[in-house]
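Down below is the structure, laid out as structure tokens.
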Amino acid sequence: MDDLLAARSQMALSLGFHIIFACIGMIMPFFMAISHYIYLKTGKEAYKKLTVAWSKGVAIFFVTGAVSGTMLSFELGLLWPKFMEEAGPIFGMPFSLEGTAFFIEAIALGFFLYGWGKFHPWFHWFTGVVVGVSGLASGILVVAANAWMNAPTGFDIIDGVYTNIDPIAAMFNEAWFSQALHMTLAAFVATGFAVGGIHAWMIRKGKSKDIHIPALRISLTIGAVAAILMPLSGHHAAKDVAHRQPAKLAAMEAHFHTEERAALIIGGIPDEATQTVNYAIKIPGGLSYLIHGDFVTEVKGLEDIPQDEHPPVAITHYGFQIMVGIGMLLMLVGLIWLFGLWKKAPYLHAPWFLALLALLSPLGFIAVEAGWVVTEVGRQPWILYGIMRTADAVTPMPGIVYSFWLYVAVYLSLSLIVGALLAKQVKALDKETEQLSPKTS
Amino acid sequence: MVDIIIAFLYLSLLMYLLFGGADFGAGIIEFFTSDAKKDRTRLLTYQAIGPIWEANHMWLIITIVILFVGFPKVYSTVSIFLHIPVSLLLLGIIARGTAFIFRHYDPDQGKFQPLYNLIFVYSSFLSPLFLGILAGTIISGRIDLEAASFPEAYLFPWLAFFPISVGLFTVAICGYLAAVFLIGEAQTHEDQMLFRKKAIRMNVLTVVAGALVFLAATLEGIPLLAGMLDHPITILALVLASISLPLTWKYLRENFHMRARILVGFQVSMILFALFYSIHPAFMVFKNSVLILKDAAAGPATMNSLGIALLVGSVFILPSLFYLIYSFQKKPFQPLAKK
Ligand code: HDD
Ligand code: HEM
Ligand code: HEM
């Protein structure tokens, strides 16, 4: 592994780790706020217990999110100092606003987690909402920074010097809206299905229903609504990419040859050497239709893009297939869930359906990771699209491989501990509810 | 605007040293506590720090963001030449933060506790040690921008007596801050006496470590003392810090905990001030050159938007942060015998 590959892998590992905690940090506060609201309105103890139980789990996630985020803000410099030296002043605006959002989030979190019984109940509830809103805001801001790397604007380069810097224009770059919308929805989908799946499994195992049923309803309903919106927003994102980063789109679709009536390629194994895709389902004209709204218009293929500006095709293509496949599946299940709620259908609590939900629970997060692989690997070889190459940005310090393995060790042990702690929390919740509500169901 | 941003930079550094430092210090105190009393110290630490842990930690993020947005040259130089100590600092921060929360949220209070405690205590040393090493290297002139070999570029600048002595000094300061802070949180007379004893020891340690810093500076030919004595204002700062020391002890004996805390905060601020002012107007000293913050600032459009973001941010942050700290402040314990 050379230093560049090590640095890229370390960045991918850290971001891929952080995004899980960031999603939970953004979304769980909303779930808790809903449950907390119902408790305050109805006084039903189960909802209070649910809120407290969730907040215990979330505290573990928050700290992991906070420390991994802290590592990221150093890592950007540790790995890509030459990029940050130029980019910092240009795309710094969202980061400085994000700093404020994080701070507010951290303060509100202090009130929320430690404030039970200490404040007016509605003030306490409100601090929980603030945690969610500021978390969401920071997510959107940091994605706007990432979008700028895909669609750099707000500066000119004159004789190799970055001048006429306009941080506001850089923040509202061409890609920020489609990425931020898609990411926000993704966080709701991933967290909603993950949490819902865990509670579905608990119901199936016959654990105290008065907690797990409301938990399932809150989380999965929100997740389902977001899942239905997901393909719409994804379609919008794809059209955006086609317009702004044709190389990325071509890699996503494994679309090697520029052609009219371009086919939509589903699945398959792309072969970069022969520029063909084997074993794929091809829908003639499909790609042209998705991008341009008719079945004939030409779509640019990789052959028209200089060889040294091709992103890795296979990884990008697989990532895209995984994301879209999961997106379609979750949309379907979301529709079934909402239909069941509407009709009060008994299948919602049928063991097979609960098992299905449990099985689906990791998929949202897998889609999130796959989507980021599409975005980031599809941007290669550029760190700043069309302007700076990743290879030119990497730190001159040798031996990044050791740093990479160190990070692998750190993240591996953190994942193991967080997983074990979460499992223990769920068990502890069961014990507690069994003691307090002797055989209600 | 540049001046405002520089002020914010120093302010967030100072806040991190004070609040983050007291936070690290709690782990250092735990290390020096006998096994019998460790559990109580732990509980008290948790109650005192739990609610403000994340917020304390945010000052570091603000510092970093100011650096990479406003002074990218500082950020990239530190990132390149101090890659190794920065990574070790991060390791300390990640291990400590997670161990602190995990040990509380592990419902099974048995098996893993000793491991969490061990990690918590050692990383509480590691983090301020490397924080101090970074500061020490930055002001020492040991970074060689033209270094040719790996050790000269990436190891020798920080792996030396002076930076390490500043690291030890930072560790001692953190312990001192924490001890004084915890006296005010203590719920029983016994605990109070315990932390008072710690505070005395940490105070002595701080003074010893401070002397070590000057010794190291002299041995390595770093004009630290000369730099400080050059400016009347740093002399004043050091004198004020020394004078306020006995006053702190008077307040502590009379149970004016808040005043004692403020004085200790003042002392630490003065020390930090003197340290950085000794190289003024430079912010970083390299082997053959210096870096002056104002010259390294990003363009006016960036600085304006950064400054506005910071100013608007503080309108939201400072009042709510103050309210948070105030809300979770324990009523100080007042020994009956005193009245
Ligand atoms: C629950 C997760 C999830 C699901 C179900 C989907 N996506 Fe997605 N997608 C993401 C999670 C995600 C993401 C992780 O959030 C990304 C990475 C960067 C971003 O902004 O969003 C992303 C990026 C992303 C991009 C690249 C944007 C860019 O590079 O600027 C495209 C074109 C799509 N998605 C398209 C789709 C389509 C057509 C879907 C159809 C169902 C879909 N996504 C479902
Ligand atoms: C280079 C990229 C990133 C950097 C430098 C970064 C930095 C950080 C930092 C410093 C924190 C800690 C804040 C605290 O102490 O509370 C954090 C937490 C968080 N980040 Fe990131 N982040 C990055 C990517 C992302 C992305 C892509 C998202 C979401 C889409 C995101 C969303 C969040 C959220 C919601 C939190 C707070 C929740 C929590 O603490 O668990 N971040 N991040
Ligand atoms: C949290 C969600 C994110 C994930 C999972 C993610 C994933 C990745 C991956 C897989 C790579 C490696 C690509 C390759 O080298 O082939 C990468 C690189 C990188 N990402 Fe992201 N990314 C995320 C968000 C962000 C954000 C918000 C930023 C900045 C604001 C960012 C900045 C970078 C940088 C600087 C690199 C290295 C340079 C490069 O490879 O182009 N990423 N990321």
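Laboratory data are not the source of any read-out in this text; all were calculated from the coordinates shown. Since the model is a prediction, treat every value here as computed from it, not as a measurement. Glycine gets a Cβ as well: all are built from the backbone with ideal geometry, and neighbour counts include every protein chain shown.
Helix A:400-436 and the long axis of chain A differ in direction by around 20°, with both axes built from C-alpha atoms.
According to the Kirkwood relation over distinct C-alpha pairs, the hydrodynamic radius of segment A:389-433 is 13.6 Å.
Phi angles across segment B:85-98 convert, under the Karplus curve 6.51 cos²θ - 1.76 cosθ + 1.60 with θ = phi - 60°, into 3J(HN,Hα) values of x, 5, 4, 5, 4, 4, 4, x, 5, 5, 5, 6, x, 6 Hz, Gly and Pro given as x. Sorted fewest first by neighbouring Cβ atoms within 10 angstrom, B:ARG142, A:ARG261 come out as A:ARG261, B:ARG142. For helix A:209-244, report the angle its Cα long axis makes with the longest principal axis of the Cα atoms of chain A; keep it between 0 and 90° and round to the nearest 10°. That helix lies at roughly 10 degrees to the long axis. Relative intensity of segment B:37-181 on a log10 scale, I(q)/I(0) at q = 0.08, 0.11, 0.13, 0.19 Å⁻¹, equals -0.27, -0.50, -0.67, -1.18, per a Debye sum over C-alpha point scatterers of equal strength in the absence of solvent. For chain B, the dipole from Cβ point charges (+1 on Lys and Arg, -1 on Asp and Glu) about the Cα centre works out to 1140 debye, to the nearest 20. Dividing the summed -39500 (n - 2.57) terms of all DSSP H runs of n ≥ 4 by the residue count of chain B sets its mean residue ellipticity at 222 nm at -26000 deg cm²/dmol. For segment B:144-176 versus segment A:198-244, the inter-centroid distance based on Cα atoms is 50 Å. With a Cα cut-off of under 22 Å and a minimum spacing of 8 residues unless on different chains, the lysine pairs in chain B number 26. Dividing the helix sum by the residues of chain A, where each DSSP H run of 4 or more adds -39500 (n - 2.57), gives a mean residue ellipticity at 222 nm of -25500 deg cm²/dmol. What longest region of chain B stays clear of GluC sites (Glu not before Pro) that DSSP places outside H, G, I, E and B and that have at most 12 other Cβ atoms within 10 Å? Here the longest run is B:1-145. Computed 3J(HN,Hα) for segment B:123-137, one whole-Hz value per residue from the Karplus formula 6.51 cos²θ - 1.76 cosθ + 1.60 where θ = phi - 60°, is 6, 5, 7, 4, 4, x, 4, 6, 4, x, 4, 4, 4, x, 5, glycine and proline marked x. Which residues' amide hydrogens lie under 5 Å from the amide hydrogen of A:ILE383, considering only partners 5 or more residues apart or on another chain, with H built in the peptide plane? Residues meeting the criterion, in which the H sits 1.01 Å from N, are A:MET388, A:ARG389, A:THR390. Legend: ranking of residues B:HIS257, A:HIS236, A:HIS120, A:HIS199 from fewest to most surrounding C-beta atoms inside 10 Å; resulting order A:HIS120, A:HIS236, B:HIS257, A:HIS199.
Taking only the alpha carbons of chain A, we obtain Rg and Dmax values of 23.2, 77 Å in that order. Under the rule of at least 5 residues apart or a separate chain, name every residue whose amide H is placed under 5 Å from the amide H of B:PHE286. Residues meeting the amide H criterion: B:LEU291. With a cut-off of 12 Å between beta carbons, the residues surrounding B:ALA260 carry a summed charge of +4, where Lys and Arg count +1 and Asp and Glu -1. Projected onto the charge dipole of chain B (+1 at Lys/Arg Cβ, -1 at Asp/Glu Cβ, origin at the Cα centre), which of B:PRO114, B:LEU275, B:THR234 gives the Cα projection farthest towards the positive end? Farthest towards the positive end: B:PRO114. Since only A:ALA144, A:TYR402, A:LEU332 are under comparison, the one whose Cα sits farthest along the positive direction of the charge dipole of chain A, derived from C-beta charges on Lys, Arg, Asp and Glu, is A:LEU332.
In terms of its C-alpha gyration tensor, the protein assembly as shown has an oblate overall shape, because the principal axis ratio a/c (a ≥ b ≥ c, square roots of the eigenvalues) is not below 1.5 and a/b does not outweigh b/c.
Karplus-derived 3J(HN,Hα) values for segment A:358-370, using 6.51 cos²θ - 1.76 cosθ + 1.60 with θ = phi - 60°, are 4, 5, 7, 4, x, 4, x, 5, 4, 5, 4, 4, 4 Hz; glycine and proline are entered as x. Normalised size of segment B:2-329, defined as Cα radius of gyration per 2.2 N^0.38 Å with N residues, equals 1.00. Local charge for A:ILE265 was computed over the other residues whose Cβ lies under 11 Å away, with Lys and Arg +1 and Asp and Glu -1, and equals 0.
Suppose every K and R has +1 on its Cβ and every D and E has -1 on its Cβ; what is the size of the dipole of the protein assembly as shown about the Cα centre, in Debye to the nearest 20?
With only Lys, Arg, Asp and Glu charged at Cβ, the dipole is about 4080 debye.
Cross-link partners of A:LYS344 among aspartates and glutamates, defined as those whose alpha carbon lies under 20 angstrom from its own and excluding same-chain residues fewer than eight positions apart: A:ASP210.
Axis of helix A:45-79 versus longest Cα principal axis of chain A: the two differ by about 30°, to the nearest ten degrees. Charged side chains reduced to their Cβ positions (Lys and Arg at +1, Asp and Glu at -1) give segment A:114-231 a dipole of some 1120 debye around its Cα centre. Within segment A:270-399, the ratio Rg/Rh, alpha carbon atoms throughout and Rh by Kirkwood, equals 1.11.
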